[in-house]
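Please read the structure below before turning to the comments.
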Amino acid sequence: MQASRHDAWVGLFVLIGGAALLFLALKAGNLLSLNFDATYQVSARFDNIGGLKPNAAVKSAGVVIGRVESINFDDKTFQAKVVINLHKGALFPKDSSAKILTSGLLGEQYIGLEPGADEKNLAAGDVILQTQSAVVLENLIGQFINNKASDMGSTATPAPASGSKQ
């Protein structure tokens, strides 16, 4: 009888430990966000979202103020429409701007909000009009290589003419 009671406690402890590991893995992978604060939705359109994913952070001044709800492609404007959930306490002017930024050199991408100067604040359903797309590392490397190749071609000086005066 004593052994089965200990087995039940060990089993319960292992079950709780497994649930804790699963919770930590989901949090570390940014696949789980437990936030019960009230939010409001705004949207923004970007030409290129890079590697932005749903549930990515939305930050202002380095503080997480919301999450990306969804990302869809608009076949009329050929842009990505990003729906954002902002915390109710995070009030931003209507002329605020949104940028897709990267944490570190190769880190995850997030949306950075910069406040504007308008007196009216964003409300549910509003669209952020001033946006800046993601900087794609492959495009930057390609531009750098093309610029270096064109610089090499334009800086080549012709050999002096070897004419002799007599």
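Condition first: at pLDDT 90 or above and outside any loop (DSSP other than H, G, I, E, B). Can you find one or more residues in the stretch 134-151 that meet it?
No, because not a single residue in the stretch 134-151 is at pLDDT 90 or above and outside any loop (DSSP other than H, G, I, E, B).
The test for being in a strand (DSSP E or B) and of a type in the set (A, V, I, L, M, F, W, C) holds for residue 44.
Pairing residues of the stretch 82-100 that are under 16 Å from residue 52 (Cβ atoms) with residues that are among the hydroxyl-bearing types (Ser, Thr, Tyr) and part of a loop (DSSP other than H, G, I, E, B), at Cβ distances under 8 Å and at least 6 apart in sequence or on separate chains, gives 100/133. Applying the condition of being touching a helix residue (DSSP H, G or I) at 6+ places or on another chain (Cβ under 9 Å) and within 15 Å of residue 52 (Cβ to Cβ) to the stretch 101-118 and asking which residue is modelled with the lowest pLDDT yields 106. Restricting the stretch 94-116 to residues that are under 13 Å from residue 130 (Cα atoms) and within 10 Å of the chain's Cα centre (by Cα) leaves a set whose member that is surrounded by the most Cβ atoms within 10 Å (Cβ to Cβ) is 111. If the condition is being more than 12 Å from residue 113 (Cβ to Cβ) and open to solvent by 80 Å² or more (accessible area, probe 1.4 Å), then the stretch 68-93 contributes 69, 72, 73, 75, 76, 78, 88.
With respect to residue 17, is the statement that it is over 30 Å from residue 119 (Cα atoms), open to solvent by less than 80 Å² (accessible area, probe 1.4 Å) and modelled with pLDDT of 90 or more true? Taking the combined requirement at face value, the residue satisfies it. For the stretch 49-60, the criterion of a residue being in a loop (DSSP other than H, G, I, E, B), open to solvent by 60 Å² or more (accessible area, probe 1.4 Å) and farther than 19 Å from residue 27 by Cα is satisfied by no position. Considering the stretch 20-48, and only residues there that are at pLDDT 90 or above and of a type in the set (Gly, Ala, Ser), the residue that is surrounded by the fewest Cβ atoms within 10 Å (Cβ to Cβ) turns out to be 20.
The values are calculated or read from the model by the stated rules, or taken from the named source; none is laboratory data. On a predicted model such as this, the values are computed, not experimentally measured, just so you know. Cβ sites come from the backbone with ideal geometry, for glycine too, and all protein chains shown count toward neighbours. To get the accessible areas, we keep the full protein, side chains included, count just its heavy atoms, and leave off ligands, DNA and RNA. Shrake-Rupley method; radii C 1.70, N 1.55, O 1.52, S 1.80 Å.
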